Amino acid sequence: MNNNNRIAIVGAGVAGIALAILATKQGYQVSLYERASKVSSLGAGVTLWPNAIFILQQMGLEKEIKRMGGEPSCMRQFDQYGGQQGEFDLEAVNTCSGFSTVTILRRELMNILATALNDLGVKIHFSCSMTVADVEQLKQEFDLVVGADGRMNSVVRQTLYPEMVKPCYQGFINIIGISQLEEDALANAIYDFRGPGERFGIVPITDGLCFWAAGWSTEIDKTRPLSSWFDEMHQRFVNWPESVKSVLKSYEKSSLKRIFVHDLKPLPYWHQDNVLIIGDAAHAPLPTSGQGACQALEDAWHLVRLLETEDGLDNALSSFYLQRIVKTSAIQTTGRQLAQRILTNDSETLPFVSGISAKQLSEFWMQGLKIK
Ligand SMILES: Cc1cc2nc3c(=O)[nH]c(=O)nc-3n(C[C@H](O)[C@H](O)[C@H](O)COP(=O)(O)OP(=O)(O)OC[C@H]3O[C@@H](n4cnc5c(N)ncnc54)[C@H](O)[C@@H]3O)c2cc1C
């Protein structure tokens, strides 16, 4: 695509802003539309694995991300009584990958991305809740329309799949939050506590600040008040190990969110004419994969490279699908398998990354990320 060409992006989440930054740097004219009135910081925190840090380095943001984030050294798995079941060396994964693993609050990540975009002189059009009709209009006005409008109700996905692709509820909820603990309470380790049908994960950032997620299997019930879900969480985890009790005593009330966790099945195509979906709109995985935001960043990077190197828009969009579908589908599948094992009531707990070496994990995550 000629880089004077114009790209409309729907959704200023991780995928949308990252694409806007990379495409603007490459000389494209970008318009970014967001339904919220400001950059959303939905969600407590994110673990950015080495593949995401590779992309952020390409964007010139690695230093800032590391300044605001933490770099955990290992991941420890326990049963609900505090018996250690396993440990995974993250520094070994980082060494194999050549990039760090960084944990960061979602609001900090979004702030860094939004500031970088603003520094390039691109303003986000806020409070623009696009409809299917708006997308049809954008198709006429822009050379490329990219839907980065998330997993649940992507309108751009709806234009590609008028019969409606519905995200699937995977049978469990997450309650997420942010807590401030004693400075060295977590000893720089990610904690993963598991009981039958229940899980509690705690992720350190720095100086005792951490984000966490409680999960358990349940039916969707949107009629129940939030306070009753939060009470249930306290009851379920009241006798769990000390770190769980500590985060439940010290969270920021405003950070609590209840999420009925959905994902998408791999889709047979992501584009039609000059419309493409990326990020969660195209391939939302479960949070158990730990890779949704990382893959959203990868999408943005691959897309801009293919727009540069492929001959014509249609070739670029077809190549994008072929290049991305295998990795993103594998991540969706892994997320589901892990969730099923952890959150079905009769399952046995499994090591977080069962039977996989640091080298294998690194090779999988870094797949496709070479600079030619
Ligand atoms: C509990 C939990 C924990 C997670 N932890 C991790 C983790 O540790 N690491 C990781 O990599 N990933 C993690 N993820 C996944 C990650 O959050 C998502 O995959 C990522 O945010 C996807 O980015 P996105 O830009 O595609 O979508 P989103 O971040 O959802 O952004 C979509 C944007 O589009 C906007 N929008 C929607 N509809 C419209 C419309 N009609 N018009 C205009 N704008 C619109 C929305 O307001 C939003 O700003 C986690 C997810 C959950 C639920």
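The values are calculated or read from the model by the stated rules, or taken from the named source; none is laboratory data. As the structure is a prediction and not an experimental result, all values here were calculated from the model. Reconstructed Cβ throughout: ideal geometry from the backbone, glycine too, with neighbour counts over all protein chains shown. Surface areas here come from the heavy atoms of the whole protein model, side chains and all, with no ligands, DNA or RNA. Shrake-Rupley method; radii C 1.70, N 1.55, O 1.52, S 1.80 Å.
Would you confirm whether or not region 257-277 contains a residue that is under 30 Å from residue 67 (Cβ atoms) and within 16 Å of the ligand (Cβ to nearest atom)? Give the derivation first.
First, the residues of region 257-277 that are under 30 Å from residue 67 (Cβ atoms): 257, 259.
Keeping just the survivors that are within 16 Å of the ligand (Cβ to nearest atom) gives 257, 259.
Looking for residues that are under 30 Å from residue 67 (Cβ atoms) and within 16 Å of the ligand (Cβ to nearest atom), one finds at least one in region 257-277, hence yes.
Would it be correct to say that residue 202 is open to solvent by 10 Å² or more (accessible area, probe 1.4 Å), under 19 Å from residue 75 (Cα atoms), in contact (Cβ under 8 Å) with a residue 40 or more places away in the chain and not hydroxyl-bearing (Ser, Thr, Tyr)? No: the conditions fail for residue 202.
Would you say residue 82 is open to solvent by less than 60 Å² (accessible area, probe 1.4 Å), more than 16 Å from residue 298 (Cα to Cα) and away from the ligand (no atom under 16 Å from the Cβ)? Steps first, answer last, please.
On the way: open to solvent by less than 60 Å² (accessible area, probe 1.4 Å): yes; more than 16 Å from residue 298 (Cα to Cα): yes; away from the ligand (no atom under 16 Å from the Cβ): yes.
Considered against the rule, which asks whether it is open to solvent by less than 60 Å² (accessible area, probe 1.4 Å), more than 16 Å from residue 298 (Cα to Cα) and away from the ligand (no atom under 16 Å from the Cβ), residue 82 comes out as yes.
In this structure, residue 25 does not qualify as under 17 Å from residue 117 (Cβ atoms), surrounded by fewer than 16 Cβ atoms within 10 Å (Cβ to Cβ), within 16 Å of the ligand (Cβ to nearest atom) and of a type in the set (Lys, Arg).
Could you check residue 254 against (1) more than 23 Å from residue 47 (Cβ to Cβ); (2) surrounded by fewer than 14 Cβ atoms within 10 Å (Cβ to Cβ); (3) not charged (D, E, K, R) and say which number it fails? Just one mismatch for residue 254, condition (1).
Looking at (1) at positive phi; (2) touching a strand residue (DSSP E or B) at 6+ places or on another chain (Cβ under 6 Å), which one does residue 150 not meet, given that it meets all the others? Failing condition for residue 150: (2). Does residue 40 qualify as being assigned to a loop (DSSP other than H, G, I, E, B), within 11 Å of the ligand (Cβ to nearest atom) and crowded, with 16+ Cβ neighbours inside 10 Å? Taking the combined requirement at face value, the residue satisfies it.
Looking across region 163-180, the residues that are farther than 20 Å from residue 288 by Cα and modelled with pLDDT under 95 come down to 163, 164, 165. Restricting attention to region 59-70, the residues that are outside any loop (DSSP other than H, G, I, E, B) and of a type outside the set (Val, Ile, Thr) total 7.
Any residue in region 71-89 that is in a helix (DSSP H, G or I) and without any contact (Cβ under 8 Å) to a residue 60 or more places away in the chain?
Within region 71-89, the subset in a helix (DSSP H, G or I) is none.
There is no residue in region 71-89 that is in a helix (DSSP H, G or I) and without any contact (Cβ under 8 Å) to a residue 60 or more places away in the chain.
Here residue 58 passes the criteria (1) modelled with pLDDT of 95 or more; (2) within 16 Å of the ligand (Cβ to nearest atom); (3) within 19 Å of the chain's Cα centre (by Cα) except the one numbered (2).
Once region 124-135 is narrowed to residues that are β-branched (Val, Ile, Thr) and more than 16 Å from residue 7 (Cα to Cα), the residue that is farthest from the ligand (Cβ to nearest atom) is 132. Every test in (1) surrounded by 13 or more Cβ atoms within 10 Å (Cβ to Cβ); (2) more than 14 Å from the ligand (Cβ to nearest atom); (3) closer than 25 Å to residue 17 by Cα is passed by residue 121 save one, and that test is (1).
If you filter region 310-322 down to residues that are buried (at least 16 other Cβ atoms within 10 Å of the Cβ) and of a type in the set (S, T, N, Q), you find that the one that is farthest from residue 363 (Cα to Cα) is 318. Contact list please: Cβ distance under 8 Å, first residue in region 50-62 and free of Cβ contacts under 8 Å to residues at least 40 places away in the same chain, second residue open to solvent by 10 Å² or more (accessible area, probe 1.4 Å), pairs at least six apart or on different chains. Listed pairs, sorted by first residue: none to list. Filter region 290-309 down to the residues that are in contact (Cβ under 8 Å) with a residue 24 or more places away in the chain and more than 13 Å from the ligand (Cβ to nearest atom), then identify the one that is surrounded by the fewest Cβ atoms within 10 Å (Cβ to Cβ). The extreme case among them is 308.
Return the residue satisfying two criteria in turn: it lies in region 136-173 and is near the ligand (Cβ under 9 Å from one of its atoms) and buried (at least 22 other Cβ atoms within 10 Å of the Cβ), and of such residues it is farthest from the chain's Cα centre (by Cα).
Start the filter on region 136-173 by keeping residues that are near the ligand (Cβ under 9 Å from one of its atoms), which leaves 147-156.
From what is left, the residues that are buried (at least 22 other Cβ atoms within 10 Å of the Cβ) are 147-150, 154, 156.
Details: 147: 16, 148: 12, 149: 13, 150: 10, 154: 16, 156: 19 Å.
The extreme case among them is 156.
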